[in-house]
Structure formats: structure tokens, C-alpha cells
Amino acid sequence: MEKVAAGRVVWDHRAHVKPEELPTTLPLFPLEQPLLLPGTVVPFAATELGERNLVDDALETDRYVAIVQPLDDDSPAARSLEGRPPVYQVGCLGYIGECHETDEDRYLVLAGGVIRFRVIGEAPCDRGYHRVVVSYGEFLDDPDQLEAELEFPVLRDLVRQRIEANDSDMDLSIMENMAGTEIVTAVAHAIPLSPAERQVLMETPSLRELESVLLGLMTGPAGLPSFDLPFSRPS
């Protein structure tokens, strides 16, 4: 069985979404990598029965899912979250654009980031996954900022320099067509950022600030950003 919608459905939907029309009770999918930010599209695999139930239920309703990074099970915050997977409290609303059953009991899903949220509660569910109650109040500007087409020219130049220095045969026109948040996500996974550092990006108050925040994480003693620096967990 294959459940497919055109990949561009993610972008068309995002362009017309209004935060007040979005659901506030959502199925929860903890996803360590890749980081889903508004304006990006990420893949994830649903292999457990509860995960597949989650995807089936989302496809049969509004196609929305709450995607968050999991917390380290040994952290104090994780131990305080009883009854559901330990996760960060700020994540991104995902809209399922495509779903393929690639093998028996395995779905491959493509989800597009719409707007960030904060988890504020839980909701009952007996389908093998967890549901959460979310608030979009801190991030109501996300859709408008995406429409403004964030460019992030410094990050683009760094990536271009990196590609040229390594004599890569990557087609640079691909990067030129990427959204600014896609550039941020790509760089965040090309360098050794910890989950906590990726979460700093997720919780950056304004999407416009993502470039400066990521450059700050990349900046070394010489004051220049680098792809090769060791990274420390933010205090």
C-alpha cells in the first residue's frame, strides 16, 4: 500500500495556513534528526505499530503531527516527564506531504515544517502513541517570516566556500533554490552540533535570528565561523 500526496503540497499548504486555524491537540512524534524547522521538509520512518498508527490517524484527519527532539533519558527534565517520551517542550508542527510503505511494517514519511509550538499538556490516546496539547503563541510570526523569504546570505556564502574548497561536484544552483531555514538545517547537521545546540536553533524567538544564532555556535577563538570547530553544549 502506498499513500502519496505531491511533495509540493507541503509548500502550498504552508502558504495559506493561519495559526488560529491550526489544531492544538496533536499526535507526538519524537525525532532526533533531522531537525524540522518551519519551511523545511524532513523524512522520518515509522516502524513501530504505534508510530504507524500515528501516521494512519494523521492521514485520515488533517495530516498534522507534532515533531520534537527527544531528551536524554538520564536528564533531570526527562525524569520529570512521566507517562510520555521525554522530549523538549518546543517543537515544530509537521504537515505530512507524502507517505510510502517502503517495506512490510515500515512507512517512510515526508513532513513539512509549518510553525513552532510549545507543549503545554497531554491528551488521552489508546493507539500506541502519545498526544499533546500545544500553544503557538510564542511563534505566531513564523508563517509571515517564511513568506518574507529569509535569505541568510552569510551562511550561503560559507556553504559555497566549503563546497568550492573541497572541489565538490555539487550543483550550487540547488542551494540557491533552498529556503533560508533549509540552509540552517543543512549546516546544523553538517557540523557536530549536540541535540541541545540544535534545540537552541529551534527555540530562537524569531526565524530572522537563525543565521546569527547559528553563526555564533560556529564561531571560534579567531572570531570566524568554521565547519571544523569542536562544539560545547550551551550553558
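One residue stands out among those in segment 18-51 that are within 12 Å of residue 99 (Cα to Cα) and small (Gly, Ala, Ser): the one that is surrounded by the fewest Cβ atoms within 10 Å (Cβ to Cβ), which is 45.
Can you go through 210, 158 and tell me which one is in contact (Cβ under 8 Å) with a residue 60 or more places away in the chain, on the phi < 0 side of the Ramachandran plot and touching a Leu at 6+ places or on another chain (Cβ under 8 Å)?
The unique qualifying residue is 210.
Test residue 131 against the stated conditions and say whether it is among the basic types (Lys, Arg), surrounded by fewer than 16 Cβ atoms within 10 Å (Cβ to Cβ) and either part of a strand (DSSP E or B) or modelled with pLDDT under 95 (or both). No. Quick check, is residue 69 under 30 Å from residue 177 (Cα atoms), open to solvent by 40 Å² or more (accessible area, probe 1.4 Å) and not charged (D, E, K, R)? Taking the combined requirement at face value, the residue does not satisfy it.
So that you can scan it fast, the table gives a plain yes or no per residue for (1) open to solvent by less than 40 Å² (accessible area, probe 1.4 Å); (2) at pLDDT 95 or above; (3) of a type in the set (Ser, Thr, Tyr):
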residue	(1), (2), (3)
53	yes, yes, no
76	no, no, no
90	yes, yes, no
94	yes, yes, no
105	no, no, no
116	yes, yes, no
135	no, yes, yes
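The values are calculated or read from the model by the stated rules, or taken from the named source; none is laboratory data. This structure is a prediction, so every number in the text was calculated from the model and none was measured. Heads up, the Cβs are rebuilt from the backbone with ideal geometry, glycines too, and the neighbour counts pull from every protein chain shown. We work out accessible area using only protein heavy atoms, side chains counted, and drop any ligands, DNA or RNA first. Shrake-Rupley method; radii C 1.70, N 1.55, O 1.52, S 1.80 Å.
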